[in-house]
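Contents: one structure, followed by commentary.
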Amino acid sequence: MTFFQDYLRFIVTLVAVLDPFLAIPIFLSVAAAREPAGRHRLVNAVTVTVFAVLSGAALFGEALLTVLGTSLPAFQVGGGLVLLLMALAMLNAQAGGVRQSKAEAEELESRDASGVVPLAVPLLAGPGAISTTIVAAQAGGAVNIAGLVFCVALVCVLLWSILRVAEPIGSRLGTTGLNIATRLLGLLLAAIAIEMMAGGLKTLLPGLA
């Protein structure tokens, strides 16, 4: 049961981190001048990019930590802090500086951006999603990595489905509805972030346990 609970927890965490509801108005602003076929291509490109980035984090995250000489507990604390900052911004129904800088927001508004950057990276597959995937991959083993990649694929299918119908979702929920969904995901993410930080701190500072 724990085996499946861990993967379910990872899926829920990743959905909260990506927060497709927060991405809907940004996606609509980027895709406003595109024809329907162009919007569909953009959705496909964004989804594939997110999948590639997060799958790469699952496959090579452990090697990256080894090269940097960073311990898993330290990375848990750092990753948890990143998630907490994102969660606080989400509770205010904002993207936040961790997810999207002011310059990146201006680039999107100017229509100079391709849409994949910075929409897919770093707005969706940013530091929070990458750190979450790397921490989950530290359980080790090819089976675990394969399971994580499968979970990433499931989340990307959900992301693809939401972005494909972003316009009707946006019109039905409106700004208030989208903000409520983002705040609920932010509350969930805050709890996950604190638990991640606590797990890392217990290992780094055993006296706190």
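Residue-wise test of (1) buried (at least 22 other Cβ atoms within 10 Å of the Cβ); (2) of a type in the set (D, E, K, R); (3) at pLDDT 90 or above.
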position	(1), (2), (3)
Tyr7	no, no, yes
Thr13	yes, no, yes
Ser29	no, no, no
Ala32	no, no, no
Asn44	no, no, yes
Val50	yes, no, yes
Leu64	no, no, no
Leu68	no, no, no
Gln76	yes, no, yes
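Among the hydrophobic types (A, V, I, L, M, F, W, C), closer than 21 Å to Pro168 by Cα and in contact (Cβ under 8 Å) with a residue 24 or more places away in the chain: which single residue out of Leu54, Leu14, Leu83, Leu18 fits that description?
Leu18
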Checklist entry - Which of the residues spanning segment 160-172 are free of Cβ contacts under 8 Å to residues at least 12 places away in the same chain and assigned to a helix (DSSP H, G or I)? => result Ser161, Pro168, Ser171, Arg172
Checklist entry - Has segment 119-135 got any residue that is at pLDDT below 95 and surrounded by fewer than 15 Cβ atoms within 10 Å (Cβ to Cβ)? => result no
Checklist entry - Regarding Phe75, is this residue within 14 Å of the chain's Cα centre (by Cα), touching a residue at least 60 places away in the same chain (Cβ under 8 Å) and in a helix (DSSP H, G or I)? => result no
Next on the checklist: Restricting to segment 162-176, name every residue that is among the small types (Gly, Ala, Ser) and surrounded by 14 or more Cβ atoms within 10 Å (Cβ to Cβ).
Outcome noted: Ala166, Gly170
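So that you can scan it fast, the table gives a plain yes or no per residue for (1) in contact with a His (Cβ under 9 Å, 6 or more places away or on another chain); (2) of a type in the set (S, T, N, Q); (3) within 16 Å of Gly128 (Cβ to Cβ):
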{"site": "Thr13", "(1), (2), (3)": "no, yes, yes"}
{"site": "Asn44", "(1), (2), (3)": "no, yes, no"}
{"site": "Phe60", "(1), (2), (3)": "no, no, no"}
{"site": "Ala63", "(1), (2), (3)": "no, no, no"}
{"site": "Val77", "(1), (2), (3)": "no, no, yes"}
{"site": "Met90", "(1), (2), (3)": "no, no, yes"}
{"site": "Ala95", "(1), (2), (3)": "no, no, yes"}
{"site": "Lys102", "(1), (2), (3)": "no, no, no"}
Item to check | All positions within segment 78-117 that are at pLDDT below 85 and outside any helix (DSSP H, G or I) | outcome: Gln100, Ser101, Ser110, Arg111, Asp112, Ala113, Ser114, Gly115
Checklist entry - What do you reckon, is Ala120 touching a Phe, Trp or Tyr at 6+ places or on another chain (Cβ under 8 Å), assigned to a helix (DSSP H, G or I) and not charged (D, E, K, R)? => result no
Next on the checklist: So if I check each of Ala181, Ala139, which one is in a helix (DSSP H, G or I), out of contact with any Cys (no Cβ under 7 Å at 6 or more places or on another chain) and small (Gly, Ala, Ser)?
Outcome noted: Ala181
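The values are calculated or read from the model by the stated rules, or taken from the named source; none is laboratory data. Since the model is a prediction, treat every value here as computed from it, not as a measurement. Backbone-built Cβ (ideal geometry, glycine too); neighbour counts: all protein chains shown.
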